[in-house]
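Notes follow the structure.
The values are calculated or read from the model by the stated rules, or taken from the named source; none is laboratory data. It should be emphasised that the depicted structure is a prediction, and the values quoted were computed from it without experimental measurement. When we count neighbours, we look across all protein chains shown, and the Cβ atoms used for this are built from the backbone with ideal geometry, even at glycine. Note: areas computed on protein heavy atoms with side chains; ligands, DNA, RNA excluded. Shrake-Rupley method; radii C 1.70, N 1.55, O 1.52, S 1.80 Å.
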2 protein chains.
Amino acid sequence: MITRLSSLFLRTLREDPADAEVPSHKLLVRAGYIRRAAPGVYSWLPLGLRTLRKIEDVVREEMNAIGGQELLFPALLPREPYETTQRWTEYGDDLFRLQDRRGNDMLLGPTHEEMFTSTVKDMYSSYKDFPVTLYQIQTKYRDEARPRAGILRGREFVMKDSYSFDMSDQGLEDSYAAHRAAYQRIFDRLGLSYAICRATSGAMGGSASEEFLAISPNGEDTFVRATEGDYAANVEAVVTQPGIEKAVEGLPEAVEYDTPDAETIATLVDWANSEGLDVTAADTLKCVVVKVTAPGEEPELLGVLVPGDREVDMKRLEASLEPAEVAMAEDADFKKNPFLVRGYVGPRGLQANGVRVLADPRVVKGTSWITGADAPNRHVVGLVVGRDFDIDGHVEAAEIREGDPAPEGQGTLTLQRGIEIGHIFQLGRKYTEAFDVQILDENGKRAIPTMGSYGIGVSRLMAVLAEQRHDDKGLNWPVEVAPFQVHVVVANKDAAAIEAGDRMVAELDAAGVEVLFDDRPKVSPGVKFKDAELLGMPFALILGRAFADGKVELRIRGGETLEIAADEAVAKVVELVRG
Amino acid sequence: MITRLSSLFLRTLREDPADAEVPSHKLLVRAGYIRRAAPGVYSWLPLGLRTLRKIEDVVREEMNAIGGQELLFPALLPREPYETTQRWTEYGDDLFRLQDRRGNDMLLGPTHEEMFTSTVKDMYSSYKDFPVTLYQIQTKYRDEARPRAGILRGREFVMKDSYSFDMSDQGLEDSYAAHRAAYQRIFDRLGLSYAICRATSGAMGGSASEEFLAISPNGEDTFVRATEGDYAANVEAVVTQPGIEKAVEGLPEAVEYDTPDAETIATLVDWANSEGLDVTAADTLKCVVVKVTAPGEEPELLGVLVPGDREVDMKRLEASLEPAEVAMAEDADFKKNPFLVRGYVGPRGLQANGVRVLADPRVVKGTSWITGADAPNRHVVGLVVGRDFDIDGHVEAAEIREGDPAPEGQGTLTLQRGIEIGHIFQLGRKYTEAFDVQILDENGKRAIPTMGSYGIGVSRLMAVLAEQRHDDKGLNWPVEVAPFQVHVVVANKDAAAIEAGDRMVAELDAAGVEVLFDDRPKVSPGVKFKDAELLGMPFALILGRAFADGKVELRIRGGETLEIAADEAVAKVVELVRG
């Protein structure tokens, strides 16, 4: 196939769009792949649509290879099934809601669990029909509070979402493993650099859950990776290595001290060292008071204990306490509860007043701490867990730091930024129970199938590829999804060069190569080269000055430039394209 | 590719869905191609999605072949561009409107003229960029008052819409002709029976306009076709052959008569014949009073004259008077205007009171009529056009009847019913003017390009194929878009037959044939045959009882059944599939 730049619907821009902050957004707009229609809503211009479709095809092939069956649900959906699962309300402002001419409530689907589940319920009734994996590649809608970065986080976007339905937990694990392998093949084919992160199960309930994060400095998600081995996890999912329990016998007694003006950890450590105690912040115990609101209940105070050298990471704490909501205790709470002495709160005072205390996993029996004594200007030194107080349980709440030990002896943790490109998730029976999907099992008894939920941000992948593969001159697509495989530029005005260019383009086409041919007669070679770099086809074939000597240039985008014999050029391009 | 019925996500139904009236709706639901999600909103199950995508590919190939460039606009659109063209309001209840979380008005695109036009304006500025033809295959939304017939008239549906932009009227004509030919190739490839109907330009303004109507008894549109030649037209677009003008000299004088109780044409003809006048209804002149409301103006009375043997076809009259709205005069209008004597209205009374009179083209100079004399129980006989009264113009308002003469000597007209599958339309500069698209022409002067607008109802095409190609047993797809090309059924329990079935399926797959393999072990041959007919693959290969004698059956859906040697079966199927 030959597409000529003289007629391609394209206008490249020299200036970055005013609202663009990240490279993918700037470059995809400047190179004429996408065009803004509204905040977070983009049009796909011809080059962009070609790449989007090729990404879809990679995803489709790998989904089909694991037995996934493609179908397509509407984007415009009735309210009722989303009432069944309460998501009509729970989605909040993220949901685009509308009414039809008869006043019926409808929505634009942000995700389709309800449709998949109710369709399986209607169509299948026997264990013989299972397992089944269904997927769609579909346009979805979320009214993001802050749509950003072009198609990286849009309000109308393309997703592949799939669901597995199994009659047994083992079946779910197999389906999950098949998806995990398929996702690896998809992202490997796209040449992406990514990590598979253990994830918390999030608001959706269920058990095993992993996120595929493309590594990118512009990522919104922070995750950890081990320096040795393949451990990676969301910050929320990192499990702290527990402290080592010790016997409490023989440990020095707890002693209370006057500690005027030691309301912070830093001042407390200073005071302690001035007393000759030789401690660091890690020897103190920070006692943070929060308010926890479980669904449908009144807010309740909770004490969270973390070593004094660490902050409480509210995201981690929230993930640990889901589905409850968490907020820091405010002045009003301190006023209402006089036993809370700001700067001097300790676990004993909390528990004495009926407040539960959860601690970081390092806070175990036999560990000794400097902490608040629940009175103004008073701290206690040598407060021992399991002797002077007991905790009500452990909680993952402390911040994760670069250099923390990685699990299973995989070295230490590093903190990296990434963009979520896929999520696989053992969803379980939440939706099949909500829709009362009853299936007859081998014994003629009713059983409820268990689901896996798997998503890939298809349109986002295009932005992620642009993030990971670009330089200051432009884009750089992998052969698999480039809109065209080779960009041919004739930068020599001799009739022989022009004729040779036409012939090579025809030969490449005949060999099945997708060619973008810059045939614009009045555009300078410099502009043509700049455009070729901006548009980012993996290979550019240049018929320039050296053509007079029978030579052409083959520029590998982001790589070397080869000078090769003109009569070998077509064969060389075909070889490179076929990889 | 082999798909096995044992695992295909499919459940065929023996009963028609309760809400289905037309065959395509019944069969597509029963055969598991589509599934209702909400009124006029359908899910595409695996078989349906396969056929939909194949139809899209046929459309895409032919659009690419005429140089169309594919892009994709969002479905979720901002209000502003639709304000520019006033369509935000003009669309009325057909438009799905919604607000985002910030209270911005948005809509679900029913058609994308605004997006195409504004995108071309932003990207192109010189005549050198033209002509350009852009298209998309996209999900559209219209809040139909009466969604009906499954995917024949849905509220979420797939359309191919394209627009040509030309710098000259000749260019537009060429683009129009290219689209017309492409549409013929598309519908021919799909094996559809259709007519190309001259259409009125409709509400969109502009000039040449043709509709492609698939012939179907369940069609919503009535159109005319000539018995000889290829003339076809919407009823609204039929041009009546004008009457022949004659000299008025020597014609009998007009005479008024008392005609008590002759308020209808039938009673008037009875009266005239009782007077020995020997006339038919065609000799009388019906004078219908209507109210015409031009945009932004007050309603105005209008007299419409048609030969008494014909009714006024309000749709034809409305099309003739567009963009004005037309309604029959009501009792209140007669009361308010005492010169209107119900049953005895004539052209002279109307004109004497300042009411314009438009006549059917048969009403020309020198024709003589029996008509109302504008007084109770009074008619006039021998009222001659051009002598006793003059008309203010002609109008196409009379009903079209089977047997009316066709234009250009193409025999007579027949009335048929059809389903609109395509529409091509010389739109002109309506949108380019609204968006002030200024392009520099060869002389450096600013010029406004002219547009063509072309649409195909892609998802509707699937229903139309089902309407035109089915029998009481099920569907019958053309090879080009069948979900699978051959349906293989092993209806013989011998191990040799089962083994041969597996082998043939593998060989067909290796030959590139798409196979649906009914491998369900516990389903009876009768059920398998019924399902094969219902699902409608073009060919079914049956390994039945005769397999013991080395024979298999090759059933051509809707056609003959061939008994062939088992060892020739694969080759024969391949031959048939390749056509």
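Taken over the range A:28-38, residues that are within 8 Å of chain B (Cβ to nearest Cβ) and open to solvent by 10 Å² or more (accessible area, probe 1.4 Å) amount to 2. Being under 29 Å from B:F187 (Cβ atoms), hydrophobic (A, V, I, L, M, F, W, C) and touching a residue at least 24 places away in the same chain (Cβ under 8 Å) holds for only one residue in B:L543, B:L475, B:L554, and it is B:L475.
Hey, does the range A:481-503 have a residue that's open to solvent by 40 Å² or more (accessible area, probe 1.4 Å), in contact (Cβ under 8 Å) with a residue 24 or more places away in the chain, of a type in the set (A, V, I, L, M, F, W, C) and not in a helix (DSSP H, G or I)? No - not one qualifying residue is present in the range A:481-503.
When B:G67 is tested against (1) surrounded by fewer than 20 Cβ atoms within 10 Å (Cβ to Cβ); (2) more than 8 Å from every other protein chain (Cβ to nearest Cβ); (3) not aromatic (F, W, Y), exactly one condition is not met: (2).
Scanning the range B:5-27 for residues that are more than 10 Å from chain A (Cβ to nearest Cβ), surrounded by 18 or more Cβ atoms within 10 Å (Cβ to Cβ) and over 24 Å from the mean Cα position of the chain (by Cα) yields one hit, B:L5. Answer yes or no: is there a residue in the range A:224-242 that is in contact (Cβ under 8 Å) with a residue 40 or more places away in the chain, more than 17 Å from A:L413 (Cα to Cα) and of a type outside the set (S, T, Y). No, the range A:224-242 contains no residue that is in contact (Cβ under 8 Å) with a residue 40 or more places away in the chain, more than 17 Å from A:L413 (Cα to Cα) and of a type outside the set (S, T, Y). Tally the residues that are in contact with a strand residue (DSSP E or B) (Cβ under 7 Å, 6 or more places away or on another chain) and either open to solvent by 60 Å² or more (accessible area, probe 1.4 Å) or outside any loop (DSSP other than H, G, I, E, B) (or both), restricting the search to the range A:427-442. Of the residues in the range A:427-442, 8 are in contact with a strand residue (DSSP E or B) (Cβ under 7 Å, 6 or more places away or on another chain) and either open to solvent by 60 Å² or more (accessible area, probe 1.4 Å) or outside any loop (DSSP other than H, G, I, E, B) (or both).
Count of the range A:443-466 residues, restricted to those that are open to solvent by 20 Å² or more (accessible area, probe 1.4 Å) and either closer than 21 Å to A:G559 by Cα or of a type outside the set (G, A, S) (or both), is 5.
State whether one or more residues within the range A:213-232 are outside the structural domain of A:T117 (by TED's automatic domain parsing), open to solvent by 30 Å² or more (accessible area, probe 1.4 Å) and among the hydrophobic types (A, V, I, L, M, F, W, C). Looking for residues that are outside the structural domain of A:T117 (by TED's automatic domain parsing), open to solvent by 30 Å² or more (accessible area, probe 1.4 Å) and among the hydrophobic types (A, V, I, L, M, F, W, C), one finds at least one in the range A:213-232, hence yes. What do you reckon, is A:R79 over 20 Å from A:G452 (Cβ atoms), touching a helix residue (DSSP H, G or I) at 6+ places or on another chain (Cβ under 6 Å) and of a type outside the set (S, T, Y)? Spelling it out, A:R79 is indeed over 20 Å from A:G452 (Cβ atoms), touching a helix residue (DSSP H, G or I) at 6+ places or on another chain (Cβ under 6 Å) and of a type outside the set (S, T, Y). Screening A:P260 against (1) modelled with pLDDT under 90; (2) open to solvent by 30 Å² or more (accessible area, probe 1.4 Å); (3) not in a loop (DSSP other than H, G, I, E, B) leaves a single unmet condition, (3). Of all the criteria given as (1) at pLDDT 95 or above; (2) of a type outside the set (K, R); (3) within 26 Å of the chain's Cα centre (by Cα), the one not satisfied by B:V120 is (3).
Of all residues in the range A:111-161, those satisfying the criterion of being among the acidic types (D, E), farther than 24 Å from B:R53 by Cα and open to solvent by 10 Å² or more (accessible area, probe 1.4 Å) are A:D122, A:D129, A:E144. Scan the range B:370-403 for residues that are more than 17 Å from B:A282 (Cβ to Cβ) and assigned to a loop (DSSP other than H, G, I, E, B) and the total you get is 14. Residue-level check: of (1) within 14 Å of chain B (Cβ to nearest Cβ); (2) at pLDDT 95 or above, A:Y183 misses just (1). Scanning the range B:128-166 for residues that are on the phi > 0 side of the Ramachandran plot and touching an Asp or Glu at 6+ places or on another chain (Cβ under 7 Å) returns a single hit, B:A149. Of the residues making up the range B:272-295, those that are over 30 Å from B:L321 (Cα atoms) and open to solvent by less than 30 Å² (accessible area, probe 1.4 Å) are B:A272, B:V279. Listed conditions (1) closer than 30 Å to B:I424 by Cα; (2) open to solvent by 40 Å² or more (accessible area, probe 1.4 Å); (3) not small (G, A, S) are all met by B:V238, apart from (2).
Within the option set A:I391, A:I400, being modelled with pLDDT under 95 and in contact with a helix residue (DSSP H, G or I) (Cβ under 6 Å, 6 or more places away or on another chain) holds for one residue only, A:I400. For the range A:168-180, give me each residue that is over 15 Å from A:I456 (Cα atoms), more than 14 Å from chain B (Cβ to nearest Cβ) and crowded, with 21+ Cβ neighbours inside 10 Å. Across the range A:168-180, the qualifying residue is only A:L172.
All told, B:L134 falls short of being touching a helix residue (DSSP H, G or I) at 6+ places or on another chain (Cβ under 7 Å), free of Cβ contacts under 8 Å to residues at least 40 places away in the same chain and either in the same structural domain as B:R60 (by TED's automatic domain parsing) or over 25 Å from A:R35 (Cβ atoms) (or both).
Name the single residue, out of those in the range A:70-87 being hydroxyl-bearing (S, T, Y) and open to solvent by less than 30 Å² (accessible area, probe 1.4 Å), that is farthest from A:E433 (Cα to Cα). Applying the filter and picking the extreme gives A:Y82. Checked against (1) open to solvent by 70 Å² or more (accessible area, probe 1.4 Å); (2) charged (D, E, K, R); (3) farther than 19 Å from B:R36 by Cβ, A:R101 passes all but a single condition, namely (3). Determine if the range B:362-385 includes at least one residue that is touching a Cys at 6+ places or on another chain (Cβ under 8 Å) and either among the aromatic types (F, W, Y) or buried (at least 16 other Cβ atoms within 10 Å of the Cβ) (or both). Yes, because at least one residue in the range B:362-385 is touching a Cys at 6+ places or on another chain (Cβ under 8 Å) and either among the aromatic types (F, W, Y) or buried (at least 16 other Cβ atoms within 10 Å of the Cβ) (or both).
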